[in-house]
Amino acid sequence: MKLLRTFTKGLWEELPPFRLVLGLCPVLAVTKSAETGLGMGLAVIFVLTCSNVLVSCLRNVIPRKVRIASYIVIIASFVVMVELASQAFFYKIYESLGIFIPLIVVNCIILGRAEAFASRNGIIPSALDGLGIGLGFTMSLTVLGAIREILGAGTLFGTQVMWSSFRPFTFMVEAPGAFISLGVLLALMNAFSKTQQS
Amino acid sequence: MKALDLTVSPAPHCHCGARITRVSYNILLALIPAMAMGFYYYGFDALRVVAASMGSAMLAEAAIQSILRKPITIADGSAAVSGLLLALILPASVPLYLVVVANFVGIVVGKQCFGGLGANPLNPALVGWAVIRITRAWAGYLDFDLALVNYETGFILQYPLAVLKAQGSAGVAHFSLMDLFLGKQVGGIGSSAIIWLLLGGLYLVVRGVIRWEIPLSFLIGVAVIAGIFWLGDRTSYGSPIFNILAGNVMIGAFFLSTDNASSPVNQWGMLVFGFCCGAMTVVLRSWSIYPDGVVFACLLMNLFVPLLDKIKKKQPLPPALSPVTPPVMSKSAEERSAS
Amino acid sequence: MKEAAHMIVVLVIICTVCGVALSGFREMTAERIENQVLMNVQGPRVNKVLEGSQNDLIADRKVIKIDGQEVLLFMGKKDGKPWAIAYETLGKGFGGDLKVMVGYDIENDKLTGIQIVSHKETPGVGSKVTEDQFTQRFKGIEIDLKAEPEKRLSKKIDAISGATYSSQGVYEAIGKSLQLYMAIKKQDLSTK
């Protein structure tokens, strides 16, 4: 039961970009379309789960004073692996994500989970925590990407969903559109959870 | 220095009559001549845009306020002013959904998200305009040369600033400055009626609705910086007078930059604010990809307002003169200042 | 002292293990990545640009040196004889660099076509330059090598409305490509 909660808390209570408001840089930058959002999310799931497991394995070996340096080395290795793998097997997504795959290294969600959870818990809870948080991150990115893609380009996962004479509101796929749509989504989620509480 | 001897009587107090409604309706009144010129030149199309813009601005305000369960304040006219200002800087042929989107983004994101009237750091009309301007799929609708090609107006159907940008000052030689001044130029529905905007603006200054500092320093800023550019290279930049009479400068100086919530509160702040708006306008006209820079200049300077408000600190009242002090103390203060 | 030694040892071990693992992984994927780039990026474009060639275009690629810069040249052959070449150049679009593959019919000095290899333009607006509707306009245009740089193409190509900057980026890339073409032609004529 407790393990299940470790997994599900990432899906709503600690939903990374909206609840923890962490890792906003990729959230703003790669959600130009649902596809890139999903691709980024999957990369983060992999890195987060693997680094959580490894950090949890080594938690009794790593001296406290150099823990952050060790975590960064571990995370960076997984990120480079993701980069090479995506380049080798999913070239299209690799191209559209560009610089943001290497930047996963400095995504504070990953270091945050390593420091706050994996360094204090066993291997199985750490893996579940990484999976849950990563899945929540992926969901958020995909939803935000879908909203921006539909309004800003009239498509969803590359297929036309709006009527053919639709002149896309390209503001949404620009940088300012990212800030505004993230803010509006955040406000809606806060309003929703407020009504749920009362 | 002798301190003023002010006394504040206990309640009841008398209200001088200044309220938001009066400010808004005075601005609307001052804009009527410019709007009428738009109707005269562009007919029903202009009427359509103005009605849709004011309507959607008020609707957006009412909608967001009812969702947020706040008192609905569309009757104070501030949303109507934003809507009208936005309409006046748009071309008459713009599709209505564009106007509606601009107003909703302007009012909801630019104004109500920050806490409504008085708390908005940016002018909502300008936010709305900027959003549709940087939407590249729609940029063609806002290009005056393309948008107004089908109208019979009796004057040259070329946007002076676009011509200046493309051909340099030789290209604009055939625009008579008098025509520009009288509003016989391509531009927004109301923003091209220079003389009527000037008169409306002066009316507002005289009535005390807006302060004279911002418009004056705005125009000076345009003139000075345009003069520097012009003296440096007369073939590619317009003269200061041309820069003042073409495009959005007049509406910007009197109406867009003077929005109460998004302009500084003290005199030096206002002067610097206006001058920088004017200067940025000319810089953007000269170096950016946009033919006119008034809106972006005003938005940029709006962001500096909190900083400009710090230029001159408010002088706190001397303790002896604060309203709660009993009269005995005030007398002793007088003696002290006299000695 | 013991603590410091412990820290150093642990960090060194972690770094070494990670480094070895990564270099191994890189070794494993290197070949696939190179193939992916050729297949996904240049392959489809080269095949389109040099349509009608009978050889395997990717296999027949070679790197040549012109004015100190290396150019990856694809050569199309008909009946065993080279008839067309293609290579990439860069132009500046709205969002960043536009990589354009331009193909030339070396016998008749004509464009065989262009393709956009990579771009960072806005989806739905600037990205229209990658669509056939735009790229087909360049097919079969004759080149006047002696003319001024702006007038080397015999026909004027209209920009896409709303995507002026992206279109200009494509023109810029083609302009650079034409510059290279003259140099390549000289080299080819001298060697053959």
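The values are calculated or read from the model by the stated rules, or taken from the named source; none is laboratory data. Keep in mind that this is a model prediction, so the values were computed, not measured. So basically every Cβ, Gly included, is an ideal-geometry build from the backbone, and we count neighbours across all protein chains shown.
Among the residues of segment C:63-95, how many are outside any loop (DSSP other than H, G, I, E, B), charged (D, E, K, R) and within 24 Å of C:GLY175 (Cβ to Cβ)?
To start, the set of residues in segment C:63-95 that are outside any loop (DSSP other than H, G, I, E, B) comprises C:63-66, C:69-78, C:81-92.
Filter once more, keeping what is charged (D, E, K, R): C:65, C:70, C:77-78, C:81, C:88, C:92.
Those still in the list that are within 24 Å of C:GLY175 (Cβ to Cβ) too: C:65, C:70, C:88, C:92.
Of the residues in segment C:63-95, 4 are outside any loop (DSSP other than H, G, I, E, B), charged (D, E, K, R) and within 24 Å of C:GLY175 (Cβ to Cβ).
Within segment B:202-222, the set of residues being surrounded by 19 or more Cβ atoms within 10 Å (Cβ to Cβ) and under 16 Å from B:THR281 (Cβ atoms) comprises B:ILE214, B:PRO215, B:SER217, B:PHE218, B:LEU219, B:GLY221, B:VAL222. Pairs linking a residue in segment B:1-22 that is in a loop (DSSP other than H, G, I, E, B) to a residue that is of a type in the set (Ser, Thr, Tyr) and modelled with pLDDT under 75, with Cβ atoms under 6 Å and 6 or more positions apart or on different chains, are B:LYS2/B:SER337; B:ALA3/B:SER337. Across segment A:70-96, the qualifying residues are those that are out of contact with any helix residue (DSSP H, G or I) (no Cβ under 6 Å at 6 or more places or on another chain) and farther than 17 Å from A:LEU48 by Cα, and the one among them that is farthest from the other protein chains (Cβ to nearest Cβ) is A:PHE90. Just so you know, in segment A:152-168 the residues that are aliphatic (A, V, I, L, M) and touching a residue at least 24 places away in the same chain (Cβ under 8 Å) include one that is surrounded by the fewest Cβ atoms within 10 Å (Cβ to Cβ), and it is A:LEU156. The residue list C:GLU27, C:GLU70, C:GLU107, C:GLU34 contains one member that is in contact (Cβ under 8 Å) with a residue 12 or more places away in the chain and of a type outside the set (Gly, Ala, Ser), which is C:GLU107. From the list C:VAL63, C:VAL20, the one residue that fits, being within 14 Å of another protein chain (Cβ to nearest Cβ) and farther than 23 Å from C:THR135 by Cα, is C:VAL20.
Tell me, which residue of segment A:161-192 that is more than 10 Å from chain B (Cβ to nearest Cβ) and at pLDDT below 85 is nearest to A:LYS92 (Cα to Cα)? My answer is A:VAL161.
Kindly indicate whether A:SER56 is in contact (Cβ under 8 Å) with a residue 40 or more places away in the chain and within 20 Å of C:VAL12 (Cα to Cα).
Numbers: in contact (Cβ under 8 Å) with a residue 40 or more places away in the chain: yes; within 20 Å of C:VAL12 (Cα to Cα): yes.
Criteria met by A:SER56.
In summary, helices (runs of 4 or more DSSP H) completely within segment A:83-198 and bearing 1 or more residues that are acidic (Asp, Glu) occur at A:91-97, A:123-153.
Selection over segment B:233-279 of residues that are over 24 Å from B:LEU307 (Cα atoms), polar (S, T, N, Q) and not in a helix (DSSP H, G or I) gives a count of 4.
Select, from C:ASN40, C:ASN47, the only residue that is facing chain A (nearest Cβ under 10 Å), within 29 Å of C:GLN136 (Cα to Cα) and assigned to a helix (DSSP H, G or I).
Working: C:ASN47 fails: facing chain A (nearest Cβ under 10 Å).
After ruling out the rest, the residue left standing is C:ASN40.
Is at least one residue of segment C:1-11 at pLDDT below 80 and either within 14 Å of another protein chain (Cβ to nearest Cβ) or in contact with a Gly (Cβ under 9 Å, 6 or more places away or on another chain) (or both)? Among the residues of segment C:1-11, at least one is at pLDDT below 80 and either within 14 Å of another protein chain (Cβ to nearest Cβ) or in contact with a Gly (Cβ under 9 Å, 6 or more places away or on another chain) (or both), which makes the answer yes. Being more than 12 Å from chain A (Cβ to nearest Cβ) and among the charged types (D, E, K, R) is the filter; apply it to segment B:114-155 and report the residue that is surrounded by the fewest Cβ atoms within 10 Å (Cβ to Cβ). The selected residue is B:GLU152.
As an exercise: evaluate B:ILE32 against (1) touching a Gly at 6+ places or on another chain (Cβ under 8 Å); (2) crowded, with 23+ Cβ neighbours inside 10 Å; (3) of a type outside the set (S, T, N, Q) and give the number of the one condition it does not meet. Tallying (1) touching a Gly at 6+ places or on another chain (Cβ under 8 Å); (2) crowded, with 23+ Cβ neighbours inside 10 Å; (3) of a type outside the set (S, T, N, Q), B:ILE32 fails exactly one: (2). Against the numbered list (1) aliphatic (A, V, I, L, M); (2) within 14 Å of another protein chain (Cβ to nearest Cβ); (3) touching a residue at least 60 places away in the same chain (Cβ under 8 Å), B:LEU177 comes up short only at (2). C:SER127 meets each of the listed conditions (1) modelled with pLDDT under 75; (2) in a helix (DSSP H, G or I); (3) touching a helix residue (DSSP H, G or I) at 6+ places or on another chain (Cβ under 9 Å) apart from (1).
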